[in-house]
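> After the structure tokens below, expect a handful of questions from me.
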Amino acid sequence: MQRAIFVFAAMALVAGTGKMQARENAYDVLGKALVPFVKALVALPDAKSHCATVTLSLDSATNLPESEIGDTLEVALQSPDKMIVRAKALGQQVTVCRNGQKLWAWPGTQIQALLDAQKLPKADPGYKLDAVQLPITEKQLVWLPLLFTAEDEGDDAVNGENCMVLEVSLAPPVAKAIHAEDYTARIWVKADYKIARIVLRKGAGWKAVISVKSLDYPATLPAETWQPNQAEAGDVADIAPSRYKQLLDAVTAKWAGIK
């Protein structure tokens with residue numbers, strides 16, 4: 001559930017440029033918030049790299065153990081084929097990185113043991129990783145707000161900074177298609193269109209509060225972004241694309257069996 005919290009939060013979390021104008025409507029604000037983050041995940045005609053970095057903190061959630069309060073998710077993206085994620089999963093801090101066709105993970109000893117224990121399909125030695133991209137184009141970004149419903153819920157301050165509060169949910173056809181009809185979100189948007197807080201709800205019985213610790217769109221990211229840091233360097237598992245494909249096929253087959 002914790003990973004699902006962060007996935008939904010990351011999808012909802014975005015920022016723009018400039019300053020919020022005098023009381024824009026909710027859809028305009030949502031659109032200006034969505035585009036910059038998603039831009040790092042779509043095919044762009046200029047062949048330039050687009051970057052995004054975000055750090056989220058899980059402040060609270062229904063039935064959340066006290067030991068997990070404050071867990072963070074750190075993500076850095078650079079189109080079209082670089083991504084690193086640092087998060088806590090199953091009580092263990094984990095890092096997974098993709099740099100072009102190279103994959104590595106930490107802690108390598110534990111992750112390699114898990115990989116070796118799996119019964120996997122036959123490997124495809126010629127498999128290549130696809131670009132880290134959503135199936136939309138830059139021109140289609142203007143239509144992103146139409147995937148949601150958005151309502152203006154007034155103003156509220158986060159850490160002393162005034163925000164416009166939006167009540168957001170997926171448009172009914174979209175929610176039905178991905179089985180997320182019960183999910184809604186309330187997001188606090190600062191004057192520069194950066195998100196300060198997200199409250200994610202599922203029906204009337206579950207709620208999670210996520211703080212946005214940082215969100216940036218640098219022009220580029222240094223090469224060391226995609227390398228292990230000092231704490232990780234001694235225990236890294238390299239994962240070949242063919243091995244990744246084996247794992248993907250195994251998970252897909254298992255999921256198909258469940259459905």
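The values are calculated or read from the model by the stated rules, or taken from the named source; none is laboratory data. Just so you know, these numbers come straight off a predicted model, no measurement behind them. When we count neighbours, we look across all protein chains shown, and the Cβ atoms used for this are built from the backbone with ideal geometry, even at glycine. Just so you know, the surface numbers come from the protein's heavy atoms only, side chains and all, with ligands and any DNA or RNA stripped out. Shrake-Rupley method; radii C 1.70, N 1.55, O 1.52, S 1.80 Å.
> Being touching a strand residue (DSSP E or B) at 6+ places or on another chain (Cβ under 6 Å) and of a type in the set (Gly, Ala, Ser) is the filter; apply it to the range 103-153 and report the residue that is surrounded by the most Cβ atoms within 10 Å (Cβ to Cβ).
Ranking the qualifying residues of the range 103-153, first place goes to ALA105.
> Take the residues of the range 106-152 that are in a helix (DSSP H, G or I) and among the acidic types (Asp, Glu): which is farthest from the chain's Cα centre (by Cα)?
ASP116
> How many residues are of a type outside the set (A, V, I, L, M, F, W, C), more than 14 Å from the chain's Cα centre (by Cα) and buried (at least 16 other Cβ atoms within 10 Å of the Cβ) when one looks only at the range 64-78?
Residues flagged as of a type outside the set (A, V, I, L, M, F, W, C), more than 14 Å from the chain's Cα centre (by Cα) and buried (at least 16 other Cβ atoms within 10 Å of the Cβ) within the range 64-78 amount to 1.
> Would you point out which residue out of LEU114, LEU146, LEU73 is touching a helix residue (DSSP H, G or I) at 6+ places or on another chain (Cβ under 6 Å) and of a type outside the set (Lys, Arg)?
LEU73
> Among ALA208, ALA157, which is the only one that is under 23 Å from THR72 (Cα atoms), at pLDDT 90 or above, out of contact with any Lys or Arg (no Cβ under 6 Å at 6 or more places or on another chain) and open to solvent by 40 Å² or more (accessible area, probe 1.4 Å)?
Only one candidate passes the filter, namely ALA157.
> When the residues of the range 168-222 are filtered to those that are among the charged types (D, E, K, R) and over 18 Å from the mean Cα position of the chain (by Cα), which remaining residue is farthest from LEU146 (Cα to Cα)?
In this case the residue turns out to be LYS207.
> Right, next: Residues that are in a loop (DSSP other than H, G, I, E, B), at negative phi, hydrophobic (A, V, I, L, M, F, W, C) and surrounded by fewer than 17 Cβ atoms within 10 Å (Cβ to Cβ): does the range 79-94 have at least one?
no
> Let me ask something else about it. Which count do you get for residues in the range 169-195 that are touching a strand residue (DSSP E or B) at 6+ places or on another chain (Cβ under 7 Å) and crowded, with 21+ Cβ neighbours inside 10 Å?
7
So that you can scan it fast, the table gives a plain yes or no per residue for (1) under 16 Å from VAL199 (Cβ atoms); (2) touching a residue at least 24 places away in the same chain (Cβ under 8 Å):
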{"position": "ASP124", "(1), (2)": "no, yes"}
{"position": "LYS128", "(1), (2)": "no, yes"}
{"position": "LEU134", "(1), (2)": "no, yes"}
{"position": "GLU138", "(1), (2)": "no, yes"}
{"position": "LEU147", "(1), (2)": "no, yes"}
{"position": "GLU161", "(1), (2)": "no, yes"}
{"position": "VAL168", "(1), (2)": "yes, yes"}
{"position": "VAL174", "(1), (2)": "no, yes"}
{"position": "ALA177", "(1), (2)": "no, no"}
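> Still on this structure, I have one more. Does any residue of the range 25-47 turn out to be more than 25 Å from ASP192 (Cα to Cα), buried (at least 18 other Cβ atoms within 10 Å of the Cβ) and either at pLDDT below 85 or charged (D, E, K, R) (or both)?
The answer is no, given that none of the residues of the range 25-47 is more than 25 Å from ASP192 (Cα to Cα), buried (at least 18 other Cβ atoms within 10 Å of the Cβ) and either at pLDDT below 85 or charged (D, E, K, R) (or both).
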